[in-house]
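Data block below; observations after.
The values are calculated or read from the model by the stated rules, or taken from the named source; none is laboratory data. Note that this is a predicted model, so its numbers are computed, not measured. Here the Cβ is made from the backbone with ideal geometry for all residues, glycine too, and neighbour counts use every protein chain on show.
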Amino acid sequence: MSRQYVTTAIDYPNAAPHMGHVLEKVLGDVVARWFRLRGDTVRFQIGTDEHGTKIARAAEDEGISPKELVDRNVPIFKDLYDRLNISYDHFIRTSDQQEHWPTVQELWKRLEKAGMLEKRSYTGLYCSGCERFMTKRDLDEEGNCPNHKKPPEEVTEENYFFLMSRDTDNLKNLLTKEWDGESYRIIPKSRAQETLALVDQGLEDVSFSRPKSSLTWGVPVPGDSDQTMYVWCDALTNYISGLGYFTDHEDTTFWDDANVTHVIGKDIARFHALIWPSMLKHSDVKTPDQLLIHGFLTSEGEKMSKSTGNVVVPDDILEKFGGNPDPLRFYLSHEIPVGNDGDFSWKRFEELYDAKLRNEIGNLLNRVLVMLVKEGGILGDIGDPSFITAKYEDYSADMDSFRLSDGLQIAVQIASDCNKYIDDRKPWALDDAEKLGVLSTLAEALRHCALALLPFTPDTAQRISVQLGVPYADRMLDKEFVITKEMRQFGGQKDWKKVGEPSILFAPLS
């Protein structure tokens, strides 16, 4: 057993949560759930990034204060994640002056003491949409921000800078070999190569503050009341402020004694791969262990945009399935391998729901249980599992290596193998003893299918197990639940004698 600390990026609550937020939280949740199921001790943290000019402007437009805006919007994020069954252990808010600010301000002081901060006048290209300064190489061929399709404005102001250019060699060593005995793993490897290319181009110093006249809503710079901390020192530090770093209630066990995994989008990969480890090194804090980087989500093959009318609203999907989050969790996990961009298509979603969830898994469960109940519902001898082509060892290897979509495919393959086994053996045509053996073997295979589905579609996995009458079914959603050696064995549940009543797992789409 080992400690695992899983985090996602913190969300910007200037507007309602979108599908990009959902993609990332589901990915982080699948990882955290898998770590728990294999026996690790897990801390899973998410949260909100609540400072900055976009928040201040949005609040001004509504005639309310920034604090009122975030206090209204943050519960919307939390409510959505609760309905998506995101099993986070802690939710951090950067506007929390008791939990977050003390760590941020102490980290600033440490960087200042290390000689890594310098105040100077600066003229740069500032994108208000991204809320960051950009270099010319960040822009597209027309000189526009690639995310917001308009040119950044030239701004001259006095800021503090983080002297990251001094760390070029150290960061390259961190990403390629070792840095004081540590290495920083980036998954997938293609993202690591992109980051190294940035280092080879030469690193620049990073703006770490803005004048209070430009950025009113944020953490004050210690010792300089005219400056407000810029996003990087404030937002990135959430990963350790949630642990009470540099305070009298500091708990470093989920950092120093844990494997730390940051789950983030590719658009902020460079900041986590370069700025964050450099900040930590000069603050005498351990470098995280790995970045798990996901791609972007499009809609019907195009970037989601209000102007094109193709924005997918998470609540619309949940409503379509009666509030059940598992079809959405299944779709994102099945269709989008870690690191890849993915597409949301209603047509593909409905096809996948009907083919895989409703028919291949749901109807299979119903057929097996209906026949077993007719035989009295008592399980017989469990037979040879050789008809199942996928093995737990393969599933475990895929999950451990973050080939999560492959792991989910194995769960679905178990159901496919069962359907083929039914067609081959035709249990309804067998004598009673042989029929019971075939049906009992199918029930055991479905038990394994449910275990493999558990990180992805937890509610569905438990419902399958409850209908099967599996003894541990009522504990499957507990954070302490672990897939034991006996559970992994075919026929390993010796005290499982009887199945429950069948019911529809997935209703037809109206």
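Worth a mention:
- Number of positions in the range 141-175 that are over 27 Å from the mean Cα position of the chain (by Cα) and among the hydrophobic types (A, V, I, L, M, F, W, C): 5
- Top-ranked residue of the range 1-37 - restricted to ones that are of a type in the set (Ser, Thr, Tyr) and in a loop (DSSP other than H, G, I, E, B), ranked as nearest to the chain's Cα centre (by Cα): 12
- Residue in the range 241-258 that is under 30 Å from residue 3 (Cα atoms), free of Cβ contacts under 8 Å to residues at least 60 places away in the same chain and polar (S, T, N, Q) present: yes
- Counting only residues that are out of contact with any His (no Cβ under 8 Å at 6 or more places or on another chain) and either modelled with pLDDT under 95 or surrounded by fewer than 20 Cβ atoms within 10 Å (Cβ to Cβ) (or both), the range 235-268 holds 14 of them.
- Count - residues of the range 60-72 that are assigned to a loop (DSSP other than H, G, I, E, B) and of a type outside the set (Ser, Thr, Tyr): 2
Matching residues to (1) in the same structural domain as residue 48 (by TED's automatic domain parsing); (2) more than 25 Å from residue 248 (Cβ to Cβ); (3) out of contact with any strand residue (DSSP E or B) (no Cβ under 6 Å at 6 or more places or on another chain):
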site: 62; (1), (2), (3): yes, yes, yes
site: 85; (1), (2), (3): yes, yes, yes
site: 96; (1), (2), (3): yes, no, yes
site: 101; (1), (2), (3): yes, no, yes
site: 118; (1), (2), (3): yes, yes, no
site: 123; (1), (2), (3): yes, yes, no
site: 134; (1), (2), (3): yes, yes, no
site: 139; (1), (2), (3): yes, yes, yes
site: 147; (1), (2), (3): yes, yes, yes
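- Count of the range 34-44 residues which are in contact with a helix residue (DSSP H, G or I) (Cβ under 7 Å, 6 or more places away or on another chain) and not aromatic (Phe, Trp, Tyr): 1
- Scanning the range 100-133 for residues that are surrounded by fewer than 18 Cβ atoms within 10 Å (Cβ to Cβ) and farther than 30 Å from residue 245 by Cβ returns 121, 123, 124, 128, 129.
- Hits in the range 286-302 - residues which are within 24 Å of residue 107 (Cβ to Cβ) and assigned to a loop (DSSP other than H, G, I, E, B): 286, 287, 288, 289
- Filter result (touching a Phe, Trp or Tyr at 6+ places or on another chain (Cβ under 7 Å) and aromatic (Phe, Trp, Tyr)) within the range 88-121: 88
Here's the yes/no breakdown for (1) modelled with pLDDT under 95; (2) closer than 30 Å to residue 107 by Cβ; (3) outside any helix (DSSP H, G or I); (4) not assigned by TED's automatic domain parsing to the domain that holds residue 398:
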residue	(1), (2), (3), (4)
270	yes, yes, no, yes
284	no, yes, yes, yes
309	yes, no, yes, yes
318	no, no, no, yes
324	no, no, yes, yes
355	no, no, no, no
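- If the condition is being touching a Phe, Trp or Tyr at 6+ places or on another chain (Cβ under 8 Å) and either hydrophobic (A, V, I, L, M, F, W, C) or modelled with pLDDT under 80 (or both), then the range 128-161 contributes 132, 133, 134, 155, 161.
- Residue check, residue 178 at pLDDT below 85 and either crowded, with 16+ Cβ neighbours inside 10 Å or over 22 Å from residue 56 (Cβ atoms) (or both): yes
- Screening the candidates 49, 89 for the property of being buried (at least 16 other Cβ atoms within 10 Å of the Cβ) and at pLDDT 95 or above yields one hit, 49.
- When residues of the range 52-86 are limited to those that are surrounded by 14 or more Cβ atoms within 10 Å (Cβ to Cβ) and of a type in the set (Ser, Thr, Tyr), the one modelled with the highest pLDDT: 81
- Close pairs from the range 364-380: first in a loop (DSSP other than H, G, I, E, B), partner of a type in the set (Asp, Glu), Cβ under 8 Å, at least 6 apart: 375/432
- Some residue of the range 178-198 being closer than 20 Å to residue 49 by Cβ and not acidic (Asp, Glu): no
- Checked against (1) under 18 Å from residue 328 (Cα atoms); (2) over 26 Å from the mean Cα position of the chain (by Cα); (3) of a type in the set (D, E, K, R), residue 444 passes all but a single condition, namely (1).
- Residues within the range 31-50 that are more than 16 Å from residue 91 (Cα to Cα) and either in contact with a Cys (Cβ under 6 Å, 6 or more places away or on another chain) or of a type outside the set (D, E, K, R) (or both), tallied: 6
Here is a yes/no grid of residues against (1) among the polar types (S, T, N, Q); (2) at pLDDT 95 or above; (3) farther than 18 Å from residue 28 by Cα; (4) in the same structural domain as residue 367 (by TED's automatic domain parsing):
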site	(1), (2), (3), (4)
407	no, yes, no, yes
420	no, yes, yes, yes
436	no, yes, yes, yes
441	yes, yes, yes, yes
453	no, yes, no, yes
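- Scope the range 391-409; condition in a helix (DSSP H, G or I) and surrounded by 22 or more Cβ atoms within 10 Å (Cβ to Cβ); matching residues: 395, 399, 404, 407, 408
- Highlighted here are the helices (runs of 4 or more DSSP H) found entirely within the range 414-510 that include at least 1 residues which are hydrophobic (A, V, I, L, M, F, W, C) and more than 21 Å from residue 359 (Cβ to Cβ): 432-453, 485-488.
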